[in-house]
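Down below is the structure, laid out as structure tokens.
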Amino acid sequence: MKKTVAIIAVVAMILGATACFVGCDNSKEAVATTYVSMDINPSIRFVLDQNEKVISYSCENEDACILLYGEAVIGLDISQAAQKIMDLAVEMGYLTQDNCGVQVVVASDKSKVESKILDKIQVVVENTDNKLSFDINYNKEGSFVLNYQLAKLKEKYPDNQDYQNLTAGKLRLVYSAMAVDYSLKMDDAVKMSSSQLLAIVDDAYSQLEEYSTKAFEEAKRAAEQVYQAAVSATQEAVYIAKYVEYKGIVEGGLAVAEYGGLSVASKSIDILAKSLILAENVADKILQSEETMAIAEALGVDIDELKDEQGNVTVGSIEAYVDKVAKNTADNMTQEMRSKLNQAVESLEEYKLELQDKPLSQDVVAKIQSLLANIKINDIDFVDFTIEDLKEIAVELDEKATAIKAKMDASLTQEQIEEIQTAQKQAVEKLDGALEQYNQAVDKAAQEAKAYLQSLKEARLESLNPKS
């Protein structure tokens with residue numbers, strides 16, 4: 001998987017990383033050209049280079065993390081990677097007669113490449129099918145929920161060609177890009193090429209580890225918040241001091257008055273926003289009993305059928321149930337069942353909108369207010385303040401900080417800028433205590449994640465092959 005990060009690179013990682021779930025390749029020659037989403041439950045997203053080799057990937061749920069923990073995928077041809085996924089899914093009891101659907105979508109700027117990849121994976125699926133006592137339903141049109149969302153977007157924007165040109169694969173890629181770049185809006189994302197979106201996704205996936213469970217990412221974010229605060233404050237203090245030294249107390253002081261604190265606040269808000277997005281993932285939200293009952297009744301099933309492995313009914317568990325039913329019935333789905341699934345997804349999409357608009361807690365809002373206490377930005381209404389509001393503030397702060405610093409840098413010589421950068425680096429290197437605390441927290445979280453995944457993998461295999 002990913003090579004060990006050097007200490008010097010930790011700062012860059014903290015200031016620029018976007019967490020997701022899993023892996024990378026360090027080849028400088030590889031160029032991200034194709035996106036592949038493969039759903040069996042487990043659900044995995046691959047980024048391929050121009051040679052159709054895996055250069056990064058993301059495990060989208062815990063089952064995917066369990067499946068691929070300890071397995072080598074980077075550098076494999078997509079046929080080899082798909083075969084590994086299929087073999088492991090069979091071995092670990094994920095691909096069974098009761099869960100026999102394999103859904104794949106592909107996004108590339110070249111339709112011929114998409115067709116070629118889909119055909120290569122189909123060969124893999126057929127080879128696996130020939131070894132099993134049950135038939136695998138191979139679907140290269142995407143999941144039921146994804147296609148429902150695609151149809152609704154096209155219905156909502158009948159005169160917008162960017163939306164009308166969307167495919168299931170491109171929409172899945174858009175969602176993946178938006179998940180790792182919260183500043184990216186849907187209206188902008190649909191205008192981008194697959195290559196542009198892939199650059200965003202690959203950059204994020206390439207910074208992840210094979211043990212990147214949600215618990216690990218949350219622990220890492222918490223450690224980053226503490227360390228980043230120390231790094232940002234140190235860097236800004238050095239910059240301000242050197243700037244005033246170069247420009248004088250009047251000119252320098254005026255610029256600093258506008259810039260002072262903005263960089264620290266910008267980075268702090270950015271990390272906070274990413275942490276909250278991860279912690280408040282809509283897919284993990286547990287639905288209220290009345291919402292759960294309504295969807296269960298619409299589907300005509302017992303509530304237990306909608307629960308995840310933890311015994312909760314969440315947005316994600318219902319989507320997984322709907323997709324499982326759809327992919328397992330394949331061409332045999334009745335119109336009645338399709339109507340029930342549509343109704344369930346429609347209700348679920350409404351609940352998701354309500355969850356996305358749910359105000360943050362007063363404690364979190366108070367923390368945000370304290371971070372912004374001395375920062376002049378547009379008037380903020382903290383009543384019913386949501387994550388979406390926080391995203392907008394984070395983007396605004398970053399744009400403002402970047403613009404002001406660019407103006408200040410333009411008034412300096414290249415030699416002065418290099419002197420500042422050297423002084424900043426030296427100051428950050430002296431933050432031994434903060435860096436040690438960060439490394440210890442991340443190492444602890446990594447060890448716990450590894451042990452957790454290993455134990456789950458072993459337990460699953462043991463349950464399928466109990467010792468006599």
Study note, to complete from the structure: Scanning region 299-333 for residues that are touching a residue at least 24 places away in the same chain (Cβ under 8 Å) and open to solvent by less than 20 Å² (accessible area, probe 1.4 Å) gives 299, 313, 314, 315, 318, 322, 326, 327
Practice item. Kindly indicate which of 106, 174 is buried (at least 21 other Cβ atoms within 10 Å of the Cβ) and either among the charged types (D, E, K, R) or assigned to a helix (DSSP H, G or I) (or both). Key: 174
Practice item. Could you grab me the full set of residues in region 199-225 that are under 13 Å from the mean Cα position of the chain (by Cα) and in a helix (DSSP H, G or I)? Key: 200, 201, 202, 203, 204, 205, 214, 217, 218
Exercise for review: Only residues that are surrounded by 12 or more Cβ atoms within 10 Å (Cβ to Cβ) and among the small types (Gly, Ala, Ser): list them for region 404-433, please.
Suggested key: 411, 423, 427
Practice item. Within region 226-244, identify whether any single residue is part of a loop (DSSP other than H, G, I, E, B) and not β-branched (Val, Ile, Thr), and answer yes or no. Key: no
Practice item. Filter region 334-354 down to residues that are among the aliphatic types (A, V, I, L, M) and surrounded by 14 or more Cβ atoms within 10 Å (Cβ to Cβ) and give me whichever is farthest from residue 277 (Cα to Cα). Key: 337
Review point. Within region 379-394, can one find any residue that is within 28 Å of residue 254 (Cβ to Cβ) and open to solvent by less than 50 Å² (accessible area, probe 1.4 Å)?
Key: yes
Check your understanding: Could you count how many residues in region 149-191 are hydrophobic (A, V, I, L, M, F, W, C), in contact (Cβ under 8 Å) with a residue 40 or more places away in the chain and over 17 Å from residue 281 (Cβ atoms)?
Key -> 2
Point to revise | Hits in region 333-348 - residues which are of a type in the set (S, T, N, Q) and touching a helix residue (DSSP H, G or I) at 6+ places or on another chain (Cβ under 9 Å) | key: 342, 343, 347
Point to revise | Single residue of 90, 123, 47, 113 found to be crowded, with 20+ Cβ neighbours inside 10 Å and either within 21 Å of residue 207 (Cα to Cα) or in contact (Cβ under 8 Å) with a residue 24 or more places away in the chain (or both) | key: 47
Exercise for review: Could you please let me know if residue 332 is at pLDDT below 90 and among the polar types (S, T, N, Q)?
Suggested key: yes
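The values are calculated or read from the model by the stated rules, or taken from the named source; none is laboratory data. Worth saying up front: this structure is predicted, and the values here are computed from it rather than measured. Reconstructed Cβ throughout: ideal geometry from the backbone, glycine too, with neighbour counts over all protein chains shown. Accessible surface areas use protein heavy atoms only, side chains included; no ligands, DNA or RNA. Shrake-Rupley method; radii C 1.70, N 1.55, O 1.52, S 1.80 Å.
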